[in-house]
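Right, one structure below, let's go through it.
The values are calculated or read from the model by the stated rules, or taken from the named source; none is laboratory data. Model, not experiment: these values are computed from the prediction. Here the Cβ positions follow ideal geometry from the backbone for every residue, glycine too, while neighbour counts run over all protein chains shown.
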Amino acid sequence: MSASSPTRPASIDKLVQRFQRVSDPKRRYEQLLWFAKKLAPFPEAEKTPENKVAGCVSQVYIIAHLENGQIHFQGDSDAQITKGLVALLITAVNGLTPEEVINLSPDFIQETQLDVSLTPSRANGFYNIFKTMQQKATLFVAST
C-alpha cells in the first residue's frame, strides 16, 4: 500500500486493495454487482437532465450535496455493472472535501484491474461519471 497523500485518500487505497485480492475478472464483476446492490436508493425526482451523466451508454445520474465541508454523492444507473461503478466511485470519494475530489486522478481504476475487464464503453462511462463528480465538486468550490 502506498502512503496516504492528498491525492490518494485511504478510502481509495482500501478499494484498490479489495479488488487486487481478486485475480479472476468474473469475481471482480461480482464485486461490482455487490457494490451496486449496496447503493442507496436514488430519488426519482432527481432523475433530471442536469443530473444525467453525459457520454454514458447507460442512463446514469449523479447528485451531490455539501455537509460540514464534505461532499456526499448519490447516484444511480439502469445497468447493474455501471451502477456498481457508480457505487464504487461514491464509496471512494464520499466524505472528501470538494477540493480533494477535484484533485483526484481516476487512474486508480487501473490498480483495481477493473479497466482490463470493462468493455471500452463501460470504461469510458467510468471516466464520464468521475468527471461529472469532479464538475459537481467544482460547483461547490465556486460557490464558496
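Some observations on this one:
- From the list A45, A87, A92, the lone residue that is among the aliphatic types (A, V, I, L, M), free of Cβ contacts under 8 Å to residues at least 24 places away in the same chain, on the phi < 0 side of the Ramachandran plot and part of a helix (DSSP H, G or I) is A45.
- A single member of V86, V116 is closer than 24 Å to Q17 by Cα, aliphatic (A, V, I, L, M) and surrounded by fewer than 17 Cβ atoms within 10 Å (Cβ to Cβ), and it is V116.
- Check on R8, at pLDDT below 95, farther than 20 Å from P120 by Cα, surrounded by 11 or more Cβ atoms within 10 Å (Cβ to Cβ) and not hydroxyl-bearing (S, T, Y): yes
- If only residues of region 103-134 that are modelled with pLDDT of 95 or more and aliphatic (A, V, I, L, M) are counted, the one that is farthest from Y29 (Cα to Cα) is M133.
- Breaking point among (1) assigned to a helix (DSSP H, G or I); (2) surrounded by fewer than 17 Cβ atoms within 10 Å (Cβ to Cβ); (3) out of contact with any Leu (no Cβ under 9 Å at 6 or more places or on another chain), for V57: (1)
- One residue from Q74, Q31, Q80 being under 19 Å from L139 (Cβ atoms) and either aromatic (F, W, Y) or touching a Leu at 6+ places or on another chain (Cβ under 9 Å) (or both): Q74
- Verdict on S105 being hydroxyl-bearing (S, T, Y), in contact with a Ser or Thr (Cβ under 7 Å, 6 or more places away or on another chain), over 18 Å from K14 (Cα atoms) and not in a helix (DSSP H, G or I): no
- Pick from region 61-83, criterion in contact with an Asp or Glu (Cβ under 9 Å, 6 or more places away or on another chain) and under 23 Å from F19 (Cα atoms), ranking: surrounded by the most Cβ atoms within 10 Å (Cβ to Cβ): D76
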